[in-house]
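**Q** Supplied in structure tokens, the structure appears directly below.
The values are calculated or read from the model by the stated rules, or taken from the named source; none is laboratory data. Given the structure is predicted, the values throughout are model-derived calculations rather than measurements. All Cβ positions, even for glycine, are placed from backbone atoms using ideal geometry, and neighbour counts span all protein chains on display.
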Amino acid sequence: MKLNKTALRNSSIAFIITISFVACDKDFASVDSDIINDDTATNFNTTSEKFDVISYNKPLNPIQTNNLGLNMLGVYDDPTYGRTVASLLTQVNTSLLDPSFGDNVILDSVVLTIPFFSRNVGVIDETFIDYEIDSVLPRGESYNPIKLSIFENTYFLRDFNPNDDFDSDQAYFSNKSASITEQIGALDLESVLIDEIESLTISNQEIILTDGADTDAVITERLSPRIRLVWDKDVAEDDAVISYWTNKIIAQEGLSTLSNPNNFNDYFRGLYFKAEPESMSDNGSLMLLNLSQQESNITLYYSFDSPTQESERDQSTYLLTFSPTRVNFFENDFTTLIPTGDEVNGDDRLFLKGGEGSLAGIKLFDGLNPDDDDTTDNTFEAWRKQYVILNDLGEFESYRRLINEANLIFYVDQDQVMGEEPDRLYLYNRANGVPLLDYIQDSQNNSVPLLSIPNHLGILEREDTDEGKGIRYKMKITSHVNSLLLDNAENVQLGIAVSGNVNLEATVPQYIEQTGTDEESTVPVSSIITPRGTILHGSNSEDITKRLYLEIFYTCLETDIDCPNN
């Protein structure tokens, strides 16, 4: 069970999602306590041990994707795994019920807008604001366009599950289904084609709106980078779209279809945004979007006869938001096979992929311990007795050894990972889908998701080269291991997954995996909202120097005659 001893060390790490750098090792320092302090530290010995774990792959079935805080849309070619295409089904909603549009109404234009996550990084020529986009992959100075088709959907997205006597919320899944027996058909999703954008341009440029002729145009508004599609009644090729929205909304004035929320949701069941690679290119881009924000909407601009000024026209708007229910659909065309895991013996590689991809399970102190004289003890019980003295009830009584730090270190398989690997992974209690105690205690930078929880969930350390290949992730689980010793906590299986935002796991429950059995399986939400993937050395890697172990740094008390340093 015990493998070797190492010098004590610790990693200091920092990270933002746009700039990554390799963290540097530093000497390990024990925390002072009533037992160990400057006067007494010389009476104790400090050492470390590595313990075997079992780690195995868990390829995912379809996963629940409705009501995510963020949604993916587009085409992503992962250098390691292959292509993922993300499309989106959303209900639409309005706060203006039973509207009165006025006399002689004309729909002048329709504008669809969905902002990107971006930030102001300067000014260009004292005229234009320079932006940097955080939410489009792959990252770069420019982005590949995609083909985007917008359909009216006729499938009714219900709130509650009829198979559970309407006592639970309805889940919708990444494979276009509401359950293993209920698929959402293409005829419903693609009921009416509203428009087909053969090449949707994705840009980090500021959008400037003007009024007046080109020679003396006045800037009326500056917008951050976003999807912004405009259909105008004076543009002949937009006639079909203008006609669609005129009939769908404007012509419904006075009818029951717009009179209340229930009627509206049944009449207009939503929009389906279907993403595909652009026909002229085999590449694409994938956007991470927040459709719940107020700026994400469809705005109908219309004019009507002024009720107060004869021969004058007034203008107004009708706003549609993307709510309340939104569902992501994923189509994977993987070039790297994700194997079914060996839960008994462990796997040599761990395949982690976001979206409808793959997780990994980890067992600490699993199996029988052949070196222990008490054959009734399993590995976990034998390990506890090395570190603490237990009473007759198996509860903590006193220390033998003091744990200073415990880590799981995951090495990237640099021979298989071709780049674009995630900077963050999420380690969690797989038995009940909640964070570990170390997550809760690590409050560093928790208000900034890109820098959050760095002590527990170590940020990817990279080579100091232009290529910046990933080296390893260091996950500190000191509090979790101490809880196993002192609190008689259950030695549960752990899970490891790719994470798009580690902060989400503090408040958002995990989402359901569609297993087709009574056994419930869940997926971390932050793993669903990222397409990135990586391959790690597992517990059975042929490279022992990169094999996954649990490494524990501890201090020997003089009373522990079995301690290696005594």
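**Q** Could you please give the count of residues in the range 209-231 that are assigned to a strand (DSSP E or B) and at pLDDT 90 or above?
**A** Adding up the residues that qualify gives 10.
**Q** Starting from the range 526-550, take each residue that is touching a residue at least 24 places away in the same chain (Cβ under 8 Å) and closer than 30 Å to Leu137 by Cβ and list its partners that are of a type in the set (A, V, I, L, M) and part of a loop (DSSP other than H, G, I, E, B), counting only C-beta distances under 7 angstrom and pairs at least six apart or across chains.
**A** Ile528/Leu68; Ile529/Leu68; Ile529/Leu70; Thr534/Val417; Ile535/Val417; His537/Leu548; Gly538/Leu548
**Q** When you go through Ile528, Ile496, Ile477 one by one, which is the residue that is over 30 Å from Leu402 (Cβ atoms) and touching a strand residue (DSSP E or B) at 6+ places or on another chain (Cβ under 7 Å)?
**A** On inspection, the qualifying residue turns out to be Ile528.
**Q** Criterion first (out of contact with any Leu (no Cβ under 9 Å at 6 or more places or on another chain), modelled with pLDDT under 95 and under 25 Å from Val417 (Cα atoms)) does Leu485 satisfy it?
**A** no
**Q** Filter the range 293-307 for residues that are crowded, with 17+ Cβ neighbours inside 10 Å and farther than 17 Å from Glu253 by Cα; which is nearest to the chain's Cα centre (by Cα)?
**A** Ser296
**Q** Scan (1) within 25 Å of Lys176 (Cβ to Cβ); (2) modelled with pLDDT under 95 for the single condition Thr47 breaks and write down its number.
**A** The one condition Thr47 does not meet is (1).
**Q** Quick check on the range 151-161. Is at least one of its residues surrounded by 17 or more Cβ atoms within 10 Å (Cβ to Cβ), acidic (Asp, Glu) and in a strand (DSSP E or B)?
**A** Yes.
**Q** Return the residues of the range 62-85 that are in contact with a Ser or Thr (Cβ under 9 Å, 6 or more places away or on another chain) and closer than 17 Å to Gly533 by Cβ; say none if nothing qualifies.
**A** Selection gives Ile63, Met72, Gly74, Val75, Tyr76, Asp77, Asp78, Thr80, Tyr81, Gly82, Arg83.
**Q** Right, next: Checking the structure you have, find out if any residue of the range 495-506 is surrounded by 20 or more Cβ atoms within 10 Å (Cβ to Cβ), part of a helix (DSSP H, G or I) and not charged (D, E, K, R).
**A** Among the residues of the range 495-506, at least one is surrounded by 20 or more Cβ atoms within 10 Å (Cβ to Cβ), part of a helix (DSSP H, G or I) and not charged (D, E, K, R), which makes the answer yes.
**Q** Show the residue pairs meeting these rules: Cβ distance below 6 Å; 6+ apart or different chains; first residue within the range 99-112 and part of a loop (DSSP other than H, G, I, E, B); second residue of a type in the set (Ser, Thr, Tyr).
**A** From the range 99-112, the pairs are Val105/Tyr302.
**Q** Answer yes or no: is there a residue in the range 269-283 that is more than 24 Å from Val192 (Cα to Cα) and either under 24 Å from the mean Cα position of the chain (by Cα) or in a strand (DSSP E or B) (or both).
**A** Yes, the conditions are met somewhere in the range 269-283.
**Q** A further question follows. If you take the residues of the range 92-117 that are under 14 Å from Glu295 (Cα atoms) and of a type in the set (S, T, N, Q), which of them is surrounded by the fewest Cβ atoms within 10 Å (Cβ to Cβ)?
**A** Thr113
**Q** Residues in the range 509-520: is at least one of a type in the set (Val, Ile, Thr), outside any helix (DSSP H, G or I) and more than 28 Å from Val344 (Cβ to Cβ)?
**A** So far as the range 509-520 goes, no, none of its residues is of a type in the set (Val, Ile, Thr), outside any helix (DSSP H, G or I) and more than 28 Å from Val344 (Cβ to Cβ).
**Q** Still on this model: Determine the pairs where a residue that is over 17 Å from Arg119 (Cβ atoms), located within the range 202-213, has a partner that is part of a loop (DSSP other than H, G, I, E, B) with Cβ atoms under 9 Å apart, the partner being 6 or more residues away or on another chain.
**A** Close Cβ pairs satisfying both conditions: Thr210/Ala217; Asp211/Ala217.
**Q** Counting residues that are of a type in the set (Phe, Trp, Tyr) and either closer than 27 Å to Leu425 by Cβ or modelled with pLDDT of 95 or more (or both), which strands (runs of 3 or more DSSP E) fully inside the range 287-351 reach at least 2?
**A** 297-305, 326-334
**Q** Give Glu520, Glu542, Glu467 a once-over and let me know the one that is surrounded by fewer than 21 Cβ atoms within 10 Å (Cβ to Cβ), modelled with pLDDT of 95 or more and not aliphatic (A, V, I, L, M).
**A** Exactly one of Glu520, Glu542, Glu467 is surrounded by fewer than 21 Cβ atoms within 10 Å (Cβ to Cβ), modelled with pLDDT of 95 or more and not aliphatic (A, V, I, L, M), namely Glu542.
**Q** Next question, about the same structure. Scan Val110, Val85 and give me the residue that is within 24 Å of Thr154 (Cα to Cα) and under 29 Å from the mean Cα position of the chain (by Cα).
**A** When all the criteria are applied, what remains is Val85.
**Q** Which one is farthest from Val123 (Cα to Cα) among residues in the range 180-199 that are surrounded by 15 or more Cβ atoms within 10 Å (Cβ to Cβ) and touching a residue at least 60 places away in the same chain (Cβ under 8 Å)?
**A** Among those residues, the one meeting the criterion is Ile184.
**Q** Give, as residue ranges, the strands (runs of 3 or more DSSP E) completely inside the range 366-485 that count at least 2 residues that are under 20 Å from the mean Cα position of the chain (by Cα), under 30 Å from Thr336 (Cα atoms) and among the hydrophobic types (A, V, I, L, M, F, W, C).
**A** Because the criterion is at least 2 residues that are under 20 Å from the mean Cα position of the chain (by Cα), under 30 Å from Thr336 (Cα atoms) and among the hydrophobic types (A, V, I, L, M, F, W, C), the strands (runs of 3 or more DSSP E) in the range 366-485 that meet it are 425-429.
**Q** While we're on this one: Please verify whether the range 163-171 includes one or more residues that are assigned to a strand (DSSP E or B) and either modelled with pLDDT of 95 or more or within 27 Å of the chain's Cα centre (by Cα) (or both).
**A** yes
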